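The values are calculated or read from the model by the stated rules, or taken from the named source; none is laboratory data. Treat the numbers as computed from the prediction; the structure is a model and nothing was measured. Because the Cβ atoms are built from the backbone with ideal geometry, glycine has one as well, and the counts that use them run over all protein chains shown.
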Amino acid sequence: MSHKIAVLPGDGIGVEITEQAVRVLTALGLDIELNTAPVGGAAYDLHGHPLPPSTLELAKNSSAILFGAVGDWKYDKLAREFRPEQAILGLRKALSLFANLRPAILYPQLANASSLKPEVVSGLDILIVRELTGDIYFGQPRGVREVESGPYKGERQGYDTMHYAETEVRRIAHVAFQAAQKRSKKLCSVDKANVLETSQFWRDIMITVAAEYPDVELSHMYVDNAAMQLVRAPKEFDVIVTGNLFGDILSDEAAMLTGSIGMLPSASLNASNQGLYEPSHGSAPDIAGQNIANPLATILSSAMMLRYSLQEAGQADRIEAAVQAVLEQGLRTADIYEAGATKVSTSEMGDAILKALK
Ligand code: NAD
């Protein structure tokens, strides 16, 4: 059966980097149908909305979405609902993309890019599974109110609500356990169960779901300790699962361990494994249109797409091996360049990956 993939390049370098990922996907010889549509600022310019109905319809009717990046300073003055970034939130909501998967991989060839010592971080390969649609970011009630009693009576007070429903925790737990099954079968659930009721509930549900995955070893860690361990001994982790708030912070921390934002892919999945795949970086307007952006995060996002939405793990392995091979050959885009390497453009990096595909 033909796989339908929506290609949404977006703005800035989004256009150049998705072009290379599309070349790679096309070269695999799979039965795929790629359909391109505008999103973000590009869609606003054409249709007056960052996520026009035609783009949303295409996304809904595809097995997976390859997303470049959105945003440009020229849209900063628009009303919030018309800003390019609203397209991502709109897609997450419309497709119920509740599971965010962000690997942090540091290829040994790039060990010097990290601010940590090479021996601590070289060869790092961890996966953070972050719940994306619940937690304190969406909990109601929230707002600013007047305090009615106690020492601050009469003052204004800002407040939010943290909560997780059992279904929300169970479904992210299943995604994480299944991801762990595909890797080293170790899962660390990060919470703050010593202080928060929501976290204790999260932990209890994780333990219940663990019974369905006897081959996966589940451990628990408080978020403050996890933040420390990530910089002390990051390679001790394999798969981490956590809520929206903690995951937001820890996944950025893990990304920075690698020191090369142009290398990091991400996936956001729903319950039917339909997913949105995008690089972890933005549209980089400062270098857009110059053919110098690193396309590898987007190419690696297409590998995640093959693994998680299209059930083509072998093809994902091919792409990841090709990325390893070009790094081994010493090819580097400007962002990861160091003395002695061969500097290549966006499209030359695409050429090299195509050549390295076995
Ligand atoms: P950014 O990630 O776009 O860029 C940060 C820095 O990293 C820049 O110097 C940029 O040149 C560099 N960079 C990023 N990706 C690179 C790549 N592939 N190759 C080489 N260098 C790369 O973040 P920013 O500058 O804060 O934001 C720019 C725009 O992107 C804003 O409009 C922001 O809202 C948007 N943004 C979009 C997304 C998304 O689409 N998911 C995510 C983050 C930011």
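Examine segment 323-342 for a residue that is closer than 22 Å to VAL175 by Cβ and either assigned by TED's automatic domain parsing to the domain that holds GLN181 or touching a residue at least 12 places away in the same chain (Cβ under 8 Å) (or both), and state whether such a residue exists. There is no residue in segment 323-342 that is closer than 22 Å to VAL175 by Cβ and either assigned by TED's automatic domain parsing to the domain that holds GLN181 or touching a residue at least 12 places away in the same chain (Cβ under 8 Å) (or both).
Of all the listed residues (LYS60, LYS74), the sole one being in the same structural domain as LEU276 (by TED's automatic domain parsing) and farther than 17 Å from LEU276 by Cβ is LYS74. Of SER268, SER280, SER251, all but one fail to be modelled with pLDDT of 95 or more and either assigned by TED's automatic domain parsing to the domain that holds TYR164 or closer than 22 Å to LEU91 by Cβ (or both); the exception is SER268.
Number of residues in segment 42-88 that are assigned to a loop (DSSP other than H, G, I, E, B), within 13 Å of the ligand (Cβ to nearest atom) and without any contact (Cβ under 8 Å) to a residue 12 or more places away in the chain: the value is 2. The single residue among ALA303, ALA297, ALA356 that is in contact with a helix residue (DSSP H, G or I) (Cβ under 6 Å, 6 or more places away or on another chain), surrounded by fewer than 22 Cβ atoms within 10 Å (Cβ to Cβ) and either at pLDDT 95 or above or basic (Lys, Arg) (or both) turns out to be ALA356.
Taking the conditions (1) over 14 Å from the mean Cα position of the chain (by Cα); (2) within 11 Å of the ligand (Cβ to nearest atom) in turn, LEU276 satisfies each one other than (1). The conditions of being at pLDDT 90 or above, out of contact with any helix residue (DSSP H, G or I) (no Cβ under 8 Å at 6 or more places or on another chain), part of a helix (DSSP H, G or I) and aliphatic (A, V, I, L, M) are not met by ILE136. Answer yes or no as to whether ASP286 is assigned by TED's automatic domain parsing to the domain that holds ASP72 and either within 12 Å of the ligand (Cβ to nearest atom) or not in a loop (DSSP other than H, G, I, E, B) (or both). Spelling it out, ASP286 is indeed assigned by TED's automatic domain parsing to the domain that holds ASP72 and either within 12 Å of the ligand (Cβ to nearest atom) or not in a loop (DSSP other than H, G, I, E, B) (or both).
Screening the candidates VAL15, VAL7, VAL39 for the property of being within 15 Å of the ligand (Cβ to nearest atom), assigned by TED's automatic domain parsing to the domain that holds MET304, in a loop (DSSP other than H, G, I, E, B) and modelled with pLDDT of 95 or more yields one hit, VAL39. Given the condition farther than 20 Å from LEU264 by Cα, at pLDDT 90 or above and either polar (S, T, N, Q) or in a helix (DSSP H, G or I) (or both), answer yes or no: does some residue in segment 94-108 qualify? There is at least one residue in segment 94-108 that is farther than 20 Å from LEU264 by Cα, at pLDDT 90 or above and either polar (S, T, N, Q) or in a helix (DSSP H, G or I) (or both). GLN157 meets the conditions (1) closer than 21 Å to LEU276 by Cα; (2) of a type in the set (S, T, N, Q); (3) assigned to a strand (DSSP E or B) in every case but one. The failed one is (1).
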